[in-house]
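Q: Can you read through this structure? Questions will come right after.
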Amino acid sequence: MKITQIRNATQIIEYAGKTFLVDPMLAPKGTYPGFEGTANSHLRNPTVELPMQIEQIINVDAILLTHTHPDHWDETAVNRIPKDKLIFVQHEQDENILREQGFTNLQIFSEDTDYFGISFTRTVCQHGPQAAFEHEQMAEILGEVTGVIFSHQNEEKLYIVGDTIWIPAVEEIMKQEQPGVVILNTGWAHVLGFGPIIMGKEDVLKTHQVLPQAQIVATHMGAVNHVLVTTQEVREYAKANAISEFVHVPEDGETVCL
């Protein structure tokens, strides 16, 4: 498989002969205000430009959305992606959102989904600490998010962990599924008053400890206002812990071949 880092959590994944665009955030640099109530909200999003033309990015077989937060599915993506493009979504609520936006070729992915021999398994995420979900307004903002496991007889199992903090359920999924490749969102994005809502660099080591032979690809850094961990920090952390041979931290536009 090949994983091309585009920007933020946006990636192109070549898997079993098919190409998938994951969580497209496609706006030019500085299009949107920073997320209110989060770290560094004075910065405008995205904080960097795309590394390639949008036409090249959206030239894929299908799109996969882990959720519809605007740093994973933005207005530019809605406007630029063809309305008949096949898009996999996590549940009926997101399907309805996209249908209202004019998209017509939508599919809720599940273990029963068979896309040219590729199967998808939804996995549990917790997009922030428990205290945030006990706060009614914050719980609504954070909402429901999914991870996904790709499986195919000719490929390593791929686990896109998604927007989540480290929770026992994620560790259990890793132990049960034994993926050969894991994509972690490691930007350590912070909401004021609640703390991190996605993983950080320490979770790279935790993943390696659970899956000592897996290749880990770190993403979701350096492109939105509230992420507090940089790509360089993750590289240095992996080096300090002697796990660099298992950890890939691609720059925007870079492809990792696994």
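Q: Just one of (1) under 14 Å from GLY128 (Cα atoms); (2) buried (at least 21 other Cβ atoms within 10 Å of the Cβ) trips up ILE141, so point out which.
A: Answer for ILE141: the failing condition is (2).
Q: Looking only at region 1-24, which residues are assigned to a loop (DSSP other than H, G, I, E, B) and either out of contact with any helix residue (DSSP H, G or I) (no Cβ under 7 Å at 6 or more places or on another chain) or exposed (fewer than 15 other Cβ atoms within 10 Å of the Cβ) (or both)?
A: MET1, ASN8, ALA9, ALA16, GLY17, ASP23
Q: Give all pairs with beta carbons closer than 6 Å in which a residue from region 31-59 that is farther than 30 Å from PRO82 by Cβ meets a residue that is of a type in the set (Val, Ile, Thr); count only pairs at least 6 apart in sequence or on separate chains.
A: As it stands, the answer is THR38/VAL191, since those pairs meet every condition given.
Q: Against the definition (surrounded by fewer than 19 Cβ atoms within 10 Å (Cβ to Cβ) and either in contact (Cβ under 8 Å) with a residue 40 or more places away in the chain or in a loop (DSSP other than H, G, I, E, B) (or both)), how does ASP112 come out, yes or no?
A: Yes; evaluated as a whole, the condition is true for this residue.
Q: Something else about it: Filter region 40-86 for residues that are part of a loop (DSSP other than H, G, I, E, B) and acidic (Asp, Glu) and give the result.
A: GLU49, ASP61, ASP71, ASP74, ASP84
Q: Continuing with this model, one more query. Identify, please: which residue in region 146-199 is in contact with a Cys (Cβ under 7 Å, 6 or more places away or on another chain) and either at pLDDT below 95 or not acidic (Asp, Glu) (or both) and is, among those, surrounded by the most Cβ atoms within 10 Å (Cβ to Cβ)? Quick ask: steps written out before the conclusion?
A: Here is the first cut: in region 146-199, the ones in contact with a Cys (Cβ under 7 Å, 6 or more places away or on another chain) are 146-147, 162-164.
Within this subset, residues satisfying the condition of being either at pLDDT below 95 or not acidic (Asp, Glu) (or both) are 146-147, 162, 164.
Details: THR146: 24, GLY147: 23, GLY162: 29, THR164: 24.
It comes out as GLY162.
Q: What about THR104, is it of a type in the set (S, T, N, Q) and assigned to a strand (DSSP E or B)?
A: No, not satisfied.
Q: Any chance region 161-181 includes a residue that's touching a residue at least 60 places away in the same chain (Cβ under 8 Å), among the aliphatic types (A, V, I, L, M) and closer than 19 Å to VAL256 by Cβ?
A: Yes, that holds for at least one residue.
Q: Further question on the same structure: Consider GLN137 against the criteria (1) under 15 Å from the mean Cα position of the chain (by Cα); (2) within 19 Å of HIS226 (Cα to Cα): it satisfies all of them except one. Which criterion is unmet?
A: (1)
Q: From THR219, THR207, grab the single residue that is buried (at least 24 other Cβ atoms within 10 Å of the Cβ), in contact (Cβ under 8 Å) with a residue 60 or more places away in the chain and of a type in the set (Ser, Thr, Tyr).
A: THR219
The values are calculated or read from the model by the stated rules, or taken from the named source; none is laboratory data. Being a predicted model, the structure only gives us computed values, none of them experimental. Note that we place each Cβ from the backbone using ideal geometry, even for glycine, and neighbour counts take in every protein chain shown.
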